[in-house]
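Asks: Here's a structure for you.
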Amino acid sequence: MTDQAAWVPPEVDPSIPSIARAYDYMLGGAHNFTADRQLAEQAEKAVPGSRQIARLNRSFLARAVRVLVESGVRQFLDIGSGVPTVGNVHEIAQRSAPESRVLYVDKDPIAVAHSQLILAGNENADVLREDLRNPEAILESKQAKRLLDLDEPVAVLMVMMLHWVPEQDDPYGLVGRYRDAICPGSYLAISHVTADQRQDQISEAADVIQRAKSPDQLAYRTHAQVVRLFEGMELLDPGVVGCGLWRTGGSGDFADEPDLNSHVYAGVARKP
């Protein structure tokens, strides 16, 4: 792979790292550039085990989607979906319920371009290039109108997303706008980086991202702050816990090193 590969959209500057592409690299993906890989490697040095933490979060996403399908959900809005990799939402949901409809949303052009390739021919899934901070643009898009019926339960997924929203952008009010738009019986799934464990290392990771001049900057939050993001919703058991501790199953769901399980808080809640 070269940084001038044919799959690179013309508006992308490979010298500016992307969080979505650095995450893709951590998960073993190939759609990333030198700057993205350097950022991921520096984050791994700051927080040893970052790659495993990324995989633990991906495993949480899979478990959450399966729980939601079992609960009867057939509509998914995955905001900040990132570069497609193994275990995408539509693959998990449609494996159990082929009629499941999924709308992916991301602002990264490479994430969107590759989602379009993967979803070609899948009438029940689509992708939209848009920012989390524009809920009305997302919910009123032609893709959302085609795939999502907001009068029926929908699962909104914000996995490893909200820690890129600084306090001045009011993440709590932002989540509330999505919550108010969905009907009772709908769900919200969130995972979010915290500094409640190994604070010095997480602070160093935030500094690494800032020095890399990434357009996205890390805003880690406490357990109480992550719980607040679910305001107005009823949390499913076991509540907001480390993503490696949320309804774990096989050994791949959690880390052998205990504190790695709780670098990212996760929870799923239902709108009453």
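Asks: For residue 101, what charge total do you get from the other residues with a beta carbon under 13 Å from its beta carbon, if Lys and Arg give +1 and Asp and Glu give -1?
Replies: Details: positive: 74, 145, 146; negative: 78, 99, 123, 126, 149, 152.
Here the charged neighbours net out to -3.
Asks: How large is Rg over Rh for the stretch 136-272, taking Rg from the Cα atoms and Rh as the Kirkwood inverse mean of 1/r across Cα pairs? Display every interim value, and only then the final one.
Replies: On the way: Rg = 16.1 Å, Rh = 16.1 Å.
So for the stretch 136-272, dividing Rg by the Kirkwood Rh gives 1.00.
Asks: Next question. Based only on Cα atoms, what mean projected area does the convex hull of the stretch 13-55 have, in nm²? Could the numbers behind the result be given before it?
Replies: Working: hull surface 10.4 nm².
Taking the Cα atoms of the stretch 13-55, their convex hull projects to 2.6 nm² on average.
Asks: Per residue, how many Å² of accessible area does the chain show with a 1.4 Å probe?
Replies: Working: 11640 Å² over 272 residues.
Value returned for the chain: 43 Å² of accessible area per residue.
Asks: Return the lysines within reach of residue 107: Cα separation strictly under 26 angstrom, same-chain partners fewer than 8 residues apart disregarded; answer none if there are no such residues.
Replies: The qualifying lysines are 142, 145, 213.
Asks: Can you run the Rg to Rh ratio on the stretch 170-217? Use alpha carbon positions and the Kirkwood inverse-distance Rh.
Replies: 1.15
Asks: Further question on the same structure: Name the GluC sites (Glu not before Pro) in the stretch 42-129 that are in a loop by DSSP and that have at most 14 other C-beta atoms within 10 Å, would you?
Replies: Numbers: sites: 44, 70, 91, 99, 123; in loops: 99, 123.
Those that pass, being in a loop and sparsely packed, are 99, 123.
Asks: Provide the net charge surrounding residue 44, with neighbours chosen by a C-beta distance below 11 Å and charges set as Lys +1, Arg +1, Asp -1, Glu -1.
Replies: Working: positive: 37, 45, 51; negative: 41.
Combined, the nearby Lys, Arg, Asp and Glu give +2.
Asks: Please work out the Cα center distance from the stretch 226-250 to the stretch 20-77, rounded to the nearest Å.
Replies: About 18 Å separates the Cα centre of the stretch 226-250 from the one of the stretch 20-77.
Asks: Leaving ligands, DNA and RNA out of it, work out the accessible area of residue 161 with a 1.4 Å probe and give it in Å² to the nearest 10.
Replies: Counting only protein heavy atoms, residue 161 exposes about 40 Å² to solvent.
Asks: Evaluate the charge dipole of the stretch 60-104 about its Cα centre and quote only its size in Debye, nearest 20, assuming +1 on the Cβ of each Lys and Arg and -1 on the Cβ of each Asp and Glu. Working shown, then result.
Replies: Details: 5 positive and 4 negative charges, 13 e Å.
The calculation lands at about 60 debye.
Asks: Then there's this: Using protein chains only and a probe of 1.4 angstrom, how many square angstrom of residue 16 are accessible, to the nearest 10?
Replies: Its heavy atoms expose roughly 80 Å² to the probe.
Asks: Mind jotting down a quarter of the surface of the convex hull over the alpha carbons of the stretch 40-126, in square nanometres, one decimal?
Replies: It is 6.0 nm².
Asks: Treat every Asp and Glu Cβ in the chain as -1 and every Lys and Arg Cβ as +1, leave all other atoms uncharged, and give the resulting dipole magnitude about the Cα centre to the nearest 20 debye. Could you put the intermediate results ahead of the total?
Replies: Values: 27 positive and 38 negative charges, 71 e Å.
Approximately 340 debye in magnitude.
Asks: With both partners inside the chain, how many of the DSSP beta bridges are antiparallel, as a percent to the nearest 5? Display every interim value, and only then the final one.
Replies: Numbers: 11 of 29 bridges.
Bridges in the chain are about 40 percent antiparallel.
The values are calculated or read from the model by the stated rules, or taken from the named source; none is laboratory data. Model, not experiment: these values are computed from the prediction. So basically every Cβ, Gly included, is an ideal-geometry build from the backbone, and we count neighbours across all protein chains shown. Accessible surface is based on the protein model in full, side chains and every heavy atom, while ligands, DNA and RNA are left aside. Shrake-Rupley method; radii C 1.70, N 1.55, O 1.52, S 1.80 Å.
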